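The values are calculated or read from the model by the stated rules, or taken from the named source; none is laboratory data. Being a predicted model, the structure only gives us computed values, none of them experimental. Cβ: placed from backbone, ideal geometry, glycine included. Neighbour counts: every protein chain shown.
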Amino acid sequence: MKNNSQEAIIDIKNLQISFGNQDVLKNVSLQLFNGENLVVLGKSGSGKSVLIKCIVGLLESDSGTIDVFGENVNTLNGSKLNNLRKKIGFLFQSGALYDSMTVKENLEFPLHRIRKNLSQQEIDSKILEALENVGLADALNKMPSQLSGGMRKRISLARTIVVDPLIMLYDEPTTGLDPVTSDEISTLINEVQKKYKTSSIIITHDIECARATANRIVMLQDGEIYMEGDLAAFENSKDPLIKAFF
């Protein structure tokens with residue numbers, strides 16, 4: 001649970017978004033506090049991924065506000081939105097690696113765009129450090145097609161942390177992975193939190209990932225916040241919908 005001394009670095013109030021006649025998020029309000037892993041849990045179609053895409057301005061909400069580091073995302077455009085995005089790492093569900101680039105080139109790409117003051121030696125050093133932190137330093141010159149699903153996810157995570165983001169957004173980080181690899185990814189999420197002092201939102205319907213990573217859990221049901229609390233509150237709940245997950 002949050003400590004009263006903690007600072008909210010993402011503050012979402014009364015967020016609503018619809019696609020056509022379908023209400024995807026309905027009056028959602030939540031906060032991400034400095035240094036925590038917040039898991040947003042819910043079954044497929046509950047609006048979880050839409051939520052984090054609104055946070056980085058990939059989708060525009062119909063109403064409500066999203067403040068990130070005190071800035072209203074909905075009022076930012078162009079360079080101001082891009083400057084805010086530089087502080088946010090987004091791990092896409094698919095990994096979104098560039099198939100025509102080596103692992104090294106995939107990690108160089110965001111550094112050239114975001115950390116333009118670095119020398120090539122500094123870039124090489126940061127790439128190696130990021131790969132070592134995900135246990136794949138030997139994959140430097142491999143192509144994405146040569147990597148397993150778990151390795152691709154690790155390289156995607158390395159590409160995200162190489163630019164030193166302050167916030168991490170994980171979109172279904174363990175989807176499609178076997179249980180052992182899923183556990184490894186969950187462990188990496190916790191290691192990134194400790195090493196890089198990140199604050200994270202982890203979107204998942206994988207209850208083991210939630211158990212392993214969550215400092216606090218918000219559960220979405222039909223686009224609305226159904227319950228919020230720590231892991232113990234969810235595990236001890238007598239609510240049939242909560243018990244179906246836990």
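Numbers at a glance
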| quantity | calculated |
| --- | --- |
| Failed condition for residue 122, given (1) in contact with a Ser or Thr (Cβ under 8 Å, 6 or more places away or on another chain); (2) outside the structural domain of residue 39 (by TED's automatic domain parsing) | (1) |
| Filtered residues of the stretch 112-146 (kept if closer than 17 Å to residue 100 by Cβ, among the polar types (S, T, N, Q) and outside any helix (DSSP H, G or I)) | 141 |
| Qualifying residue in the stretch 151-170 (condition: closer than 20 Å to residue 208 by Cβ, touching a Lys or Arg at 6+ places or on another chain (Cβ under 9 Å) and among the acidic types (Asp, Glu)) | no |
| Residue tally, condition hydroxyl-bearing (Ser, Thr, Tyr) and part of a loop (DSSP other than H, G, I, E, B), over the stretch 147-165 | 1 |
| Matching residues in the stretch 166-192 - criterion: being within 14 Å of the chain's Cα centre (by Cα) and closer than 25 Å to residue 242 by Cβ | 169, 170, 171, 172, 173, 174, 175, 185, 186, 189, 190 |
| Matching strands (runs of 3 or more DSSP E) fully within the stretch 1-57 where at least 1 residues are modelled with pLDDT under 95 and more than 22 Å from residue 244 (Cβ to Cβ) | 8-19, 22-33 |
| Enumeration of residues in the stretch 59-106 that are more than 28 Å from residue 121 (Cβ to Cβ), buried (at least 16 other Cβ atoms within 10 Å of the Cβ) and among the small types (Gly, Ala, Ser) | 61, 64 |
| Residue count, the stretch 193-202 (criterion: at pLDDT 90 or above and either in contact with a Pro (Cβ under 8 Å, 6 or more places away or on another chain) or outside any strand (DSSP E or B) (or both)) | 5 |
| Residue in the stretch 166-179 that is on the phi < 0 side of the Ramachandran plot, part of a helix (DSSP H, G or I), of a type in the set (Val, Ile, Thr) and not assigned by TED's automatic domain parsing to the domain that holds residue 113 present | no |
